[in-house]
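Every number here is computed from the coordinates shown, using simple stated rules; none is lab data. Remember, predicted model here, so these are calculated numbers, not experimental data. Here the Cβ positions follow ideal geometry from the backbone for every residue, glycine too, while neighbour counts run over all protein chains shown.
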Amino acid sequence: MPLKNPFRRPPEEPEPVEPPHLRAYRYLLRTAPPEQLDKLHRDALRSLDPAVRGIVLRTVQERLLSGRDVTVDDIRQLARLITAGEVRTPGILLSAFGDVAHERLARAVLRQAEGSDLLDAYDTWDGAEPAMPAPPTAATSAPTGPAVPSSPAEEQGRTRRTRRAPLLEEA
């Protein structure tokens, strides 16, 4: 029987790559219906002080390139931007959540979700991101009109049709 070395420490377990509260927040973002996410974010943003909301707002504006007219007091619009951004492009805001303000937002959203059934299947979740839709192929995205616009007005009209829809609808 080998002797144990009293000076040898047991191997330390590596720290998790993702903090548990951010992982649970990511789970909510991937699995909860957008309407409920919007409400959770509204309630969570109300509980945060304006300085924290300001940091979250700046991150949203930088990452989504949208919401330039939104202020820290526009909680409904800020919540809609956060929800729409993460639903449209998973991870676009989460990747910026290293700051304490963002962690506070994640914790506040989780506190709001505690009483609901939104976290019921979290223990069985494997942490995998949802599959992104495949980009359109050349056969499905081939233009039906002329390849080169015949006038600047036609080119401008084509540009308008290919832009993404705004994240916020006009109220």
Legend entry - Phi to ³J(HN,Hα) by Karplus 6.51 cos²θ - 1.76 cosθ + 1.60 over the range 117-127, Hz, x for Gly, Pro: 8, 5, 9, 4, 9, 4, 5, 9, 6, 7, x
Inset, instruction - Provide the convex hull volume over Cα atoms per residue for the range 20-121, in Å³. - result: 84
Legend entry - Surrounding net charge for Pro50, when Lys and Arg each add one and Asp and Glu each subtract one, Cβ distance under 12 Å: -1
Inset, instruction - Determine the gain in length on full extension of the stretch Gln61-Thr124; use 0.36 nm per residue of separation and subtract their C-alpha separation, reporting nm with one decimal. - result: 19.3 nm
Legend entry - Fully extended contour minus Cα-Cα distance, from Ser47 to Arg68, at 0.36 nm per residue: 5.3 nm
Legend entry - Residue-by-residue Karplus 3J(HN,Hα) for the range 101-112, coefficients 6.51, -1.76, 1.60, Hz, glycine and proline x: 4, 6, 5, 5, 4, 4, 5, 5, 5, 5, 4, 5
